[in-house]
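Written out below as C-alpha coordinates is the structure these notes cover.
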Amino acid sequence: MKIGIVCYPTFGGSGVVATELGMALANKGHEVHFITYNQPVRLDFISYNLHFHEVALEEYPLFQYQPYELALSTKMVEVVERYQLEVLHVHYAIPHAYAAYMAKKMLSDKGIKVKVVTTLHGTDITLVGSHPSYKTAVEFSINMSDEVTTVSSSLKEDTLRLFNIQKDIKVVYNFIDGMKYEMADEEECKRNAIANENERILTHISNFRPVKRVLDVIQIFNEVQKEIPSKLLMVGDGPERSKAEKLAVVLGISDKILFLGNSNEVAKLLCYSDVFLLPSETESFGLAALEAMAANTVVISSNTGGLPEVNIHGETGYLSDLGDVNSMANHAISILKDEAKLLELKRNAKEHTKLFSLDKVLPQYESIYKACF
Ligand code: GMT
(Lines give C-alpha, C1' and ligand atoms only; values in the text may rest on other atoms or scores of the structure.)
Protein backbone atom coordinates (compact mmCIF):
# COMPACT_ATOMS: atom_id res chain seq x y z
CA MET A 1 0.00 0.00 0.00
CA LYS A 2 0.98 3.66 -0.27
CA ILE A 3 0.75 5.21 3.18
CA GLY A 4 1.37 8.75 4.47
CA ILE A 5 2.39 9.02 8.14
CA VAL A 6 1.91 12.27 10.03
CA CYS A 7 3.39 12.63 13.50
CA TYR A 8 5.44 14.80 15.83
CA PRO A 9 9.03 14.14 14.78
CA THR A 10 10.35 14.43 18.35
CA PHE A 11 11.37 12.06 21.18
CA GLY A 12 7.74 11.81 22.41
CA GLY A 13 6.17 8.35 22.41
CA SER A 14 3.69 9.05 19.60
CA GLY A 15 6.49 10.12 17.27
CA VAL A 16 8.56 7.09 18.20
CA VAL A 17 5.66 4.68 17.58
CA ALA A 18 4.79 6.37 14.25
CA THR A 19 8.39 6.29 13.07
CA GLU A 20 9.02 2.67 14.07
CA LEU A 21 5.73 1.70 12.40
CA GLY A 22 6.60 3.55 9.19
CA MET A 23 10.06 1.94 9.00
CA ALA A 24 8.58 -1.52 9.65
CA LEU A 25 5.88 -1.02 6.98
CA ALA A 26 8.56 0.04 4.49
CA ASN A 27 10.65 -3.01 5.39
CA LYS A 28 7.63 -5.13 4.56
CA GLY A 29 7.38 -3.56 1.11
CA HIS A 30 4.81 -0.78 1.59
CA GLU A 31 5.57 2.69 0.25
CA VAL A 32 5.72 5.06 3.23
CA HIS A 33 5.81 8.86 3.22
CA PHE A 34 6.48 10.76 6.44
CA ILE A 35 4.92 14.23 6.39
CA THR A 36 6.32 16.22 9.33
CA TYR A 37 8.03 19.52 10.16
CA ASN A 38 11.39 17.81 10.75
CA GLN A 39 12.89 14.45 9.97
CA PRO A 40 11.62 12.17 12.78
CA VAL A 41 14.40 11.56 15.32
CA ARG A 42 14.17 7.78 15.09
CA LEU A 43 14.06 7.76 11.30
CA ASP A 44 17.52 6.38 10.67
CA PHE A 45 17.25 5.49 7.02
CA ILE A 46 15.56 6.68 3.85
CA SER A 47 15.11 4.27 0.94
CA TYR A 48 13.32 3.97 -2.39
CA ASN A 49 10.06 3.19 -0.56
CA LEU A 50 10.59 5.36 2.53
CA HIS A 51 10.30 9.11 2.03
CA PHE A 52 10.29 12.24 4.17
CA HIS A 53 8.43 15.43 3.19
CA GLU A 54 9.07 18.52 5.26
CA VAL A 55 6.19 20.81 6.20
CA ALA A 56 7.75 24.26 5.83
CA LEU A 57 6.22 27.29 7.53
CA GLU A 58 6.23 30.76 6.05
CA GLU A 59 6.83 33.40 8.70
CA TYR A 60 4.78 36.58 8.36
CA PRO A 61 4.76 39.50 10.83
CA LEU A 62 0.97 39.53 11.03
CA PHE A 63 0.89 36.05 12.57
CA GLN A 64 1.31 35.80 16.31
CA TYR A 65 1.00 32.02 15.81
CA GLN A 66 2.10 30.21 12.66
CA PRO A 67 -0.89 28.46 10.97
CA TYR A 68 0.72 25.00 11.06
CA GLU A 69 -2.49 23.05 10.22
CA LEU A 70 -2.79 25.01 6.97
CA ALA A 71 0.77 24.20 5.92
CA LEU A 72 0.32 20.57 7.01
CA SER A 73 -2.95 19.99 5.14
CA THR A 74 -1.52 21.72 2.06
CA LYS A 75 1.51 19.39 2.18
CA MET A 76 -0.74 16.36 2.69
CA VAL A 77 -2.74 17.28 -0.43
CA GLU A 78 0.47 17.75 -2.43
CA VAL A 79 2.00 14.42 -1.33
CA VAL A 80 -1.21 12.36 -1.69
CA GLU A 81 -1.73 13.75 -5.19
CA ARG A 82 1.85 13.35 -6.34
CA TYR A 83 2.44 9.82 -4.96
CA GLN A 84 -1.19 8.56 -5.15
CA LEU A 85 -1.29 7.71 -1.45
CA GLU A 86 -4.20 5.52 -0.37
CA VAL A 87 -4.09 6.14 3.39
CA LEU A 88 -3.05 9.00 5.66
CA HIS A 89 -2.23 7.59 9.11
CA VAL A 90 -2.14 10.47 11.57
CA HIS A 91 -0.63 10.04 15.04
CA TYR A 92 -1.84 12.35 17.84
CA ALA A 93 -5.19 14.02 17.17
CA ILE A 94 -4.06 17.61 17.58
CA PRO A 95 -3.83 19.07 15.00
CA HIS A 96 -3.08 16.09 12.76
CA ALA A 97 -6.56 14.55 12.56
CA TYR A 98 -8.09 17.95 11.87
CA ALA A 99 -5.53 18.75 9.15
CA ALA A 100 -6.11 15.31 7.59
CA TYR A 101 -9.86 15.94 7.44
CA MET A 102 -9.21 19.24 5.61
CA ALA A 103 -6.76 17.55 3.22
CA LYS A 104 -9.29 14.80 2.50
CA LYS A 105 -11.95 17.43 1.70
CA MET A 106 -9.63 19.39 -0.59
CA LEU A 107 -8.61 16.20 -2.39
CA SER A 108 -12.21 15.10 -2.75
CA ASP A 109 -12.95 18.36 -4.59
CA LYS A 110 -10.29 17.27 -7.09
CA GLY A 111 -11.87 13.82 -7.41
CA ILE A 112 -9.09 12.14 -5.39
CA LYS A 113 -9.95 9.73 -2.60
CA VAL A 114 -7.78 9.12 0.45
CA LYS A 115 -8.63 7.36 3.71
CA VAL A 116 -7.73 8.73 7.13
CA VAL A 117 -6.67 6.55 10.07
CA THR A 118 -6.28 8.40 13.37
CA THR A 119 -4.27 6.94 16.24
CA LEU A 120 -4.91 8.57 19.59
CA HIS A 121 -1.86 8.44 21.85
CA GLY A 122 -2.75 9.88 25.23
CA THR A 123 -2.39 13.51 26.12
CA ASP A 124 -4.17 14.42 22.87
CA ILE A 125 -7.23 13.04 24.71
CA THR A 126 -6.55 13.12 28.43
CA LEU A 127 -4.82 16.47 28.91
CA VAL A 128 -4.97 18.66 25.83
CA GLY A 129 -7.74 17.29 23.62
CA SER A 130 -10.51 17.60 26.14
CA HIS A 131 -9.65 21.24 26.90
CA PRO A 132 -12.57 23.52 25.87
CA SER A 133 -10.28 25.31 23.38
CA TYR A 134 -9.87 22.13 21.34
CA LYS A 135 -12.62 19.70 22.31
CA THR A 136 -15.13 20.41 19.52
CA ALA A 137 -12.52 20.20 16.76
CA VAL A 138 -10.92 17.06 18.23
CA GLU A 139 -14.28 15.29 18.61
CA PHE A 140 -15.25 16.26 15.06
CA SER A 141 -12.01 15.04 13.51
CA ILE A 142 -12.10 11.73 15.40
CA ASN A 143 -15.64 11.12 14.17
CA MET A 144 -14.68 12.07 10.60
CA SER A 145 -11.74 9.62 10.49
CA ASP A 146 -12.27 6.41 8.53
CA GLU A 147 -10.67 4.33 11.28
CA VAL A 148 -9.68 5.26 14.84
CA THR A 149 -7.26 3.45 17.12
CA THR A 150 -6.06 3.96 20.68
CA VAL A 151 -2.86 2.58 22.21
CA SER A 152 -4.60 0.95 25.20
CA SER A 153 -8.03 -0.08 26.46
CA SER A 154 -7.71 2.57 29.13
CA LEU A 155 -7.28 5.30 26.50
CA LYS A 156 -10.27 3.95 24.59
CA GLU A 157 -12.37 4.27 27.76
CA ASP A 158 -11.05 7.80 28.35
CA THR A 159 -11.90 8.78 24.78
CA LEU A 160 -15.46 7.45 25.06
CA ARG A 161 -15.88 9.14 28.44
CA LEU A 162 -14.55 12.55 27.43
CA PHE A 163 -15.99 12.84 23.90
CA ASN A 164 -19.17 11.99 22.05
CA ILE A 165 -17.72 9.39 19.70
CA GLN A 166 -19.74 7.63 17.03
CA LYS A 167 -16.89 5.59 15.58
CA ASP A 168 -15.78 2.14 16.59
CA ILE A 169 -12.39 2.48 18.29
CA LYS A 170 -9.87 -0.33 17.89
CA VAL A 171 -7.15 -0.88 20.48
CA VAL A 172 -3.69 -1.42 18.99
CA TYR A 173 -0.99 -1.49 21.65
CA ASN A 174 2.37 0.18 21.42
CA PHE A 175 5.01 -2.29 20.26
CA ILE A 176 8.74 -2.92 20.26
CA ASP A 177 11.15 -4.53 17.89
CA GLY A 178 12.66 -7.13 20.24
CA MET A 179 15.64 -7.54 17.90
CA LYS A 180 16.98 -4.15 18.94
CA TYR A 181 17.19 -5.33 22.53
CA GLU A 182 18.73 -8.70 21.62
CA MET A 183 21.47 -6.81 19.82
CA ALA A 184 22.07 -4.62 22.85
CA ASP A 185 22.40 -7.79 24.97
CA GLU A 186 25.09 -9.13 22.71
CA GLU A 187 27.08 -5.95 22.66
CA GLU A 188 29.32 -5.32 25.59
CA CYS A 189 27.18 -3.48 28.10
CA LYS A 190 29.75 -1.26 29.81
CA ARG A 191 27.96 -1.07 33.11
CA ASN A 192 31.08 -0.19 35.06
CA ALA A 193 31.40 3.07 33.10
CA ILE A 194 28.32 4.23 35.02
CA ALA A 195 28.39 2.53 38.41
CA ASN A 196 30.61 0.59 40.78
CA GLU A 197 30.37 -3.18 41.04
CA ASN A 198 28.26 -3.02 44.22
CA GLU A 199 25.84 -0.36 42.95
CA ARG A 200 22.37 -0.90 41.48
CA ILE A 201 21.20 1.24 38.54
CA LEU A 202 17.78 2.89 38.34
CA THR A 203 16.63 4.68 35.20
CA HIS A 204 13.96 7.15 34.13
CA ILE A 205 13.33 8.12 30.50
CA SER A 206 10.81 10.75 29.44
CA ASN A 207 10.23 14.17 27.97
CA PHE A 208 10.38 15.68 31.50
CA ARG A 209 6.94 17.23 31.19
CA PRO A 210 4.95 17.86 34.41
CA VAL A 211 2.79 14.78 33.66
CA LYS A 212 5.89 12.56 34.12
CA ARG A 213 6.41 13.70 37.74
CA VAL A 214 10.20 13.68 37.54
CA LEU A 215 10.41 15.20 41.02
CA ASP A 216 8.79 11.99 42.31
CA VAL A 217 11.53 10.08 40.50
CA ILE A 218 14.18 12.02 42.44
CA GLN A 219 12.31 11.53 45.74
CA ILE A 220 11.95 7.78 45.14
CA PHE A 221 15.63 7.49 44.32
CA ASN A 222 16.54 9.51 47.40
CA GLU A 223 14.83 6.90 49.60
CA VAL A 224 16.37 4.00 47.68
CA GLN A 225 19.95 5.28 47.85
CA LYS A 226 19.68 5.56 51.66
CA GLU A 227 19.33 1.75 51.79
CA ILE A 228 21.04 0.52 48.64
CA PRO A 229 24.23 1.78 46.98
CA SER A 230 22.87 2.97 43.65
CA LYS A 231 22.94 5.41 40.73
CA LEU A 232 20.07 7.04 38.85
CA LEU A 233 20.16 7.69 35.11
CA MET A 234 17.81 10.49 34.00
CA VAL A 235 17.42 10.28 30.23
CA GLY A 236 15.54 12.94 28.26
CA ASP A 237 14.92 16.62 28.43
CA GLY A 238 12.03 18.99 29.01
CA PRO A 239 10.49 21.69 31.18
CA GLU A 240 10.95 19.94 34.55
CA ARG A 241 14.60 19.01 34.10
CA SER A 242 16.13 21.99 35.89
CA LYS A 243 13.72 21.56 38.85
CA ALA A 244 14.80 17.91 39.09
CA GLU A 245 18.48 18.90 38.98
CA LYS A 246 17.91 21.49 41.73
CA LEU A 247 16.06 18.98 43.92
CA ALA A 248 18.96 16.54 43.56
CA VAL A 249 21.31 19.28 44.79
CA VAL A 250 19.02 20.18 47.74
CA LEU A 251 18.82 16.51 48.76
CA GLY A 252 22.62 16.20 48.47
CA ILE A 253 22.46 13.34 45.96
CA SER A 254 23.49 15.05 42.73
CA ASP A 255 26.73 13.02 42.57
CA LYS A 256 24.60 9.87 42.30
CA ILE A 257 22.38 11.09 39.46
CA LEU A 258 23.41 11.39 35.81
CA PHE A 259 21.28 13.69 33.66
CA LEU A 260 22.05 12.41 30.18
CA GLY A 261 19.69 14.48 27.99
CA ASN A 262 17.89 13.07 24.96
CA SER A 263 19.24 9.88 23.48
CA ASN A 264 18.63 7.63 20.51
CA GLU A 265 20.54 4.85 22.26
CA VAL A 266 17.71 3.82 24.58
CA ALA A 267 18.40 0.08 24.25
CA LYS A 268 22.07 0.57 25.11
CA LEU A 269 21.30 2.74 28.14
CA LEU A 270 18.66 0.36 29.43
CA CYS A 271 21.04 -2.59 29.34
CA TYR A 272 22.65 -1.11 32.47
CA SER A 273 19.40 -0.83 34.38
CA ASP A 274 17.92 -2.87 37.21
CA VAL A 275 14.80 -0.78 37.82
CA PHE A 276 12.87 1.66 35.65
CA LEU A 277 10.88 4.39 37.44
CA LEU A 278 7.70 5.80 35.85
CA PRO A 279 5.52 7.56 38.46
CA SER A 280 3.44 9.45 35.82
CA GLU A 281 0.29 11.37 36.63
CA THR A 282 -1.30 9.76 33.59
CA GLU A 283 0.11 7.43 30.97
CA SER A 284 -2.04 6.03 28.19
CA PHE A 285 0.36 3.12 27.67
CA GLY A 286 3.93 3.85 28.77
CA LEU A 287 6.12 2.96 25.79
CA ALA A 288 9.23 3.80 27.81
CA ALA A 289 8.24 1.15 30.37
CA LEU A 290 7.79 -1.44 27.63
CA GLU A 291 11.21 -0.58 26.18
CA ALA A 292 12.71 -0.96 29.66
CA MET A 293 11.05 -4.35 30.12
CA ALA A 294 12.43 -5.52 26.75
CA ALA A 295 15.87 -4.72 28.15
CA ASN A 296 15.31 -6.95 31.23
CA THR A 297 14.42 -4.08 33.54
CA VAL A 298 11.83 -4.21 36.33
CA VAL A 299 9.26 -1.40 36.23
CA ILE A 300 8.14 0.54 39.31
CA SER A 301 5.29 2.78 38.19
CA SER A 302 2.09 4.51 39.15
CA ASN A 303 -1.12 2.61 38.45
CA THR A 304 -2.65 5.30 36.24
CA GLY A 305 -4.12 5.01 32.73
CA GLY A 306 -2.87 2.09 30.66
CA LEU A 307 0.14 1.26 32.86
CA PRO A 308 -1.61 -1.77 34.45
CA GLU A 309 -2.04 -3.17 30.91
CA VAL A 310 1.74 -3.10 30.46
CA ASN A 311 3.27 -3.54 33.92
CA ILE A 312 1.82 -6.50 35.82
CA HIS A 313 1.89 -5.94 39.59
CA GLY A 314 4.12 -8.48 41.33
CA GLU A 315 5.16 -10.11 38.05
CA THR A 316 6.99 -7.61 35.85
CA GLY A 317 7.30 -4.91 38.49
CA TYR A 318 5.07 -3.02 40.90
CA LEU A 319 2.26 -0.47 40.66
CA SER A 320 1.48 2.14 43.32
CA ASP A 321 -1.06 4.91 43.71
CA LEU A 322 -0.23 8.22 42.09
CA GLY A 323 2.15 10.26 44.24
CA ASP A 324 2.83 7.44 46.71
CA VAL A 325 6.58 7.94 46.62
CA ASN A 326 7.15 5.82 49.74
CA SER A 327 5.35 2.82 48.31
CA MET A 328 7.33 3.06 45.05
CA ALA A 329 10.61 3.44 47.00
CA ASN A 330 9.76 0.47 49.24
CA HIS A 331 8.98 -1.74 46.24
CA ALA A 332 12.29 -0.76 44.65
CA ILE A 333 14.24 -1.37 47.87
CA SER A 334 12.65 -4.78 48.46
CA ILE A 335 13.53 -6.14 45.03
CA LEU A 336 16.96 -4.54 44.84
CA LYS A 337 17.82 -6.26 48.11
CA ASP A 338 16.67 -9.67 46.87
CA GLU A 339 18.83 -10.86 43.97
CA ALA A 340 16.68 -13.93 43.23
CA LYS A 341 13.44 -11.92 43.15
CA LEU A 342 15.07 -9.23 41.00
CA LEU A 343 16.20 -11.81 38.45
CA GLU A 344 12.78 -13.46 38.43
CA LEU A 345 11.00 -10.15 37.77
CA LYS A 346 13.53 -9.17 35.11
CA ARG A 347 12.90 -12.46 33.27
CA ASN A 348 9.11 -12.02 33.58
CA ALA A 349 9.33 -8.45 32.32
CA LYS A 350 11.24 -9.48 29.22
CA GLU A 351 8.88 -12.41 28.60
CA HIS A 352 5.81 -10.17 28.92
CA THR A 353 7.05 -7.87 26.13
CA LYS A 354 6.48 -10.70 23.64
CA LEU A 355 2.79 -9.78 23.78
CA PHE A 356 3.73 -6.40 22.32
CA SER A 357 6.07 -7.49 19.55
CA LEU A 358 6.26 -5.75 16.21
CA ASP A 359 5.28 -9.05 14.52
CA LYS A 360 1.97 -9.03 16.40
CA VAL A 361 1.12 -5.34 15.97
CA LEU A 362 2.15 -4.64 12.36
CA PRO A 363 -0.54 -6.93 10.82
CA GLN A 364 -3.15 -5.22 13.02
CA TYR A 365 -2.38 -1.84 11.47
CA GLU A 366 -2.29 -3.38 7.99
CA SER A 367 -5.76 -4.85 8.45
CA ILE A 368 -7.02 -1.49 9.74
CA TYR A 369 -5.74 0.17 6.56
CA LYS A 370 -7.56 -2.48 4.51
CA ALA A 371 -10.74 -2.03 6.56
CA CYS A 372 -10.97 1.58 5.32
CA PHE A 373 -11.90 0.38 1.83
O1 GMT B 1 4.75 10.61 26.95
C2 GMT B 1 4.40 11.65 26.41
O3 GMT B 1 3.94 12.60 27.01
C4 GMT B 1 4.53 11.74 24.94
C5 GMT B 1 3.28 11.24 24.35
C6 GMT B 1 3.24 11.48 22.90
O7 GMT B 1 2.15 11.41 22.40
O8 GMT B 1 4.21 11.77 22.24
O9 GMT B 1 3.20 9.85 24.72
C10 GMT B 1 1.95 9.24 24.71
O11 GMT B 1 2.00 8.31 23.65
C12 GMT B 1 2.87 7.19 23.85
C13 GMT B 1 2.86 6.36 22.57
O14 GMT B 1 1.59 5.89 22.26
C15 GMT B 1 2.40 6.40 25.07
O16 GMT B 1 3.20 5.25 25.25
C17 GMT B 1 2.48 7.33 26.28
O18 GMT B 1 1.99 6.63 27.40
C19 GMT B 1 1.65 8.57 26.04
N20 GMT B 1 1.89 9.52 27.14
C21 GMT B 1 0.93 9.86 28.01
O22 GMT B 1 -0.20 9.40 28.00
C23 GMT B 1 1.34 10.83 29.05
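General observations
- Inter-label distance, nm, simple model (7 Å from Cα along the C-beta direction), ASN303/GLU78: 5.1
- Residue-normalised accessible area of the chain, given per residue in Å² at a 1.4 Å probe: 43
- Straight-line cross-link reach from LYS156 at under 14 Å between alpha-carbon atoms covers these aspartates and glutamates, not counting any fewer than eight positions away in the same chain: ASP124, GLU139, GLU147, ASP168, GLU283, GLU309.
- Under 25 Å from LYS113, Cα to Cα: lysines that are on another chain or at least 8 residues apart: LYS2, LYS28, LYS75, LYS104, LYS105, LYS167, LYS170, LYS370
- The chain, dipole about Cα centre (Lys/Arg Cβ +1, Asp/Glu Cβ -1), debye to the nearest 20: 500
- Taking a ≥ b ≥ c as the square roots of the eigenvalues of the Cα gyration tensor, an a/c ratio below 1.5 marks segment 178-355 as rounded.
- Carbon plus sulfur fraction of accessible area for the chain, probe 1.4 Å, in percent: 50
- Here's the picture: charge each Lys and Arg Cβ at +1 and each Asp and Glu Cβ at -1 in the chain, and of HIS89, THR126, ILE165 the one pushed furthest to the positive end of that dipole is ILE165.
- Ordering PHE259, SER301, PHE276 by the projection of their Cα atoms onto the charge dipole of segment 178-355, which places +1 on the Cβ of Lys and Arg and -1 on the Cβ of Asp and Glu, puts PHE259 at the extreme positive end.
- Nonlocal amide H pairs with SER320, under 5 Å, H built at 1.01 Å: SER301, SER302, ASN303
- For segment 205-338, lysine pairs separated by 8 or more sequence positions, or belonging to different chains, with Cα-Cα distances below 14 Å total 5.
- Comparing mean-square fluctuations of PHE34, PHE63, PHE11 from a GNM of the chain with C-alpha springs under 10 Å, the top value falls on PHE63.
- Positive-end residue of ILE205, CYS189, LEU343, charge dipole of segment 178-355 with Cβ unit charges: ILE205
- 0 to 90° range, to nearest 10: angle between helix 93-109 axis and the chain longest Cα axis: 20
The values are calculated or read from the model by the stated rules, or taken from the named source; none is laboratory data. If you're wondering where the values come from, they're calculated on a predicted model, not measured in any experiment. Positions of Cβ are backbone-derived with ideal geometry, glycine not excepted, and every protein chain shown enters the neighbour counts. Remember, those area values only see protein heavy atoms, side chains included, never the ligands or the DNA or RNA. Shrake-Rupley method; radii C 1.70, N 1.55, O 1.52, S 1.80 Å.
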